[in-house]
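First comes the structure, then the notes that go with it.
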Amino acid sequence: RKTIDYKAPFISQIHFRREPTLHITEILENLILSARKTIHLAMYIFTSKILADSLKSVHDKGVQVYVIVDQSMEAATGSQIQNLKNSGINVKICCGSTLHHKFCLIDVPNKIFSSSTNSNTVCRVFIPKNGVLINGSLNWTREALTSNYENCILTSNKKIIGEYMDEFEERWSSSQNL
C-alpha cells in the first residue's frame, strides 16, 4: 500500500476520493487513530462503521470525543450515532435548522472542552500543535467513502481551525444530548 508522508508539517492538503493514493477512508482512519487529546466531529450523517470503530478505539484510550449530528439523521439507516453513544462518546443532536456541516477537528486547543495508536494502521500521522481540520463535501458514510465523487481538505491553519472550533462550540452549546 502507498502511504502519505504526514511527518512534515502540512498547511493544506486536498484529497479527492478517486485519486490514486491512499484511500480517503484510510486517511481519515489514520488521522483519527493519531489523535492524542480530542476529536470534535460535526457531521450531517454518519454511517461508516470503520470510522465509528476508530472513534471508539481512541475514546477507549482516553481521547475525548464529541460528536454532533443533524436530528433528522440520528435514526438514518446504518447510523452509527447510537453505537457511539453506547460506547460512552459524547453525542449531541442539532435541532431546529439543518446541521449540514461535515467537519472534524483533531487535537485542537480549545476553551470549553477538556481533554497510542493502533498497530494495524498504515501510518502514524503527525498532528501539528494547532491540530487538524478535516472539511469538505464528505459525509462519513460508506457510499461517500467508496462510491461518490467527494472532496476533503486537511489543514493546520490556526486561523481557519479557530473559526471552525468556534462554530463547533456554538453548535455544541445549542444542541441537545442524545
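The values are calculated or read from the model by the stated rules, or taken from the named source; none is laboratory data. Being a predicted model, the structure only gives us computed values, none of them experimental. As a convention, Cβ positions derive from the backbone with ideal geometry for all residues, glycine included, and neighbour counts pool all protein chains shown. To get the accessible areas, we keep the full protein, side chains included, count just its heavy atoms, and leave off ligands, DNA and RNA. Shrake-Rupley method; radii C 1.70, N 1.55, O 1.52, S 1.80 Å.
How do the pairs read when you match residues in segment 150-178 that are under 16 Å from MET43 (Cβ atoms) with residues anywhere that are part of a helix (DSSP H, G or I) and among the small types (Gly, Ala, Ser), using Cβ under 7 Å and keeping only pairs 6 or more apart or on different chains?
Close Cβ pairs (under 7 Å, with a partner that is part of a helix (DSSP H, G or I) and among the small types (Gly, Ala, Ser)) amount to GLU150/ALA144.
For GLY62, state whether it is assigned to a loop (DSSP other than H, G, I, E, B), open to solvent by 20 Å² or more (accessible area, probe 1.4 Å) and either in contact with a strand residue (DSSP E or B) (Cβ under 7 Å, 6 or more places away or on another chain) or modelled with pLDDT of 95 or more (or both).
yes
Residue pairs, Cβ under 6 Å, 6 or more apart or interchain, first in segment 31-43 and farther than 11 Å from VAL108 by Cβ, second among the acidic types (Asp, Glu) and assigned to a loop (DSSP other than H, G, I, E, B). List them.
Close Cβ pairs (under 6 Å, with a partner that is among the acidic types (Asp, Glu) and assigned to a loop (DSSP other than H, G, I, E, B)) amount to ARG36/ASP107.
GLU26 is checked against (1) modelled with pLDDT under 95; (2) assigned to a strand (DSSP E or B); (3) open to solvent by less than 50 Å² (accessible area, probe 1.4 Å) and fails just one. What number does that condition carry?
Condition (2) is where GLU26 drops out.
Counting only residues that are of a type in the set (Ser, Thr, Tyr) and in a loop (DSSP other than H, G, I, E, B), which one in segment 65-98 is farthest from LEU41 (Cα to Cα)?
Ranking the candidates gives THR77 first.
For residues that are small (Gly, Ala, Ser) and open to solvent by 80 Å² or more (accessible area, probe 1.4 Å), tally how many sit in segment 155-177.
1
Scan segment 139-154 residue by residue and report those that are open to solvent by 10 Å² or more (accessible area, probe 1.4 Å) and aliphatic (A, V, I, L, M).
Result: ILE153, single match.
Within segment 146-178, track down each residue that is modelled with pLDDT under 85 and under 13 Å from the mean Cα position of the chain (by Cα).
Result: CYS152, single match.
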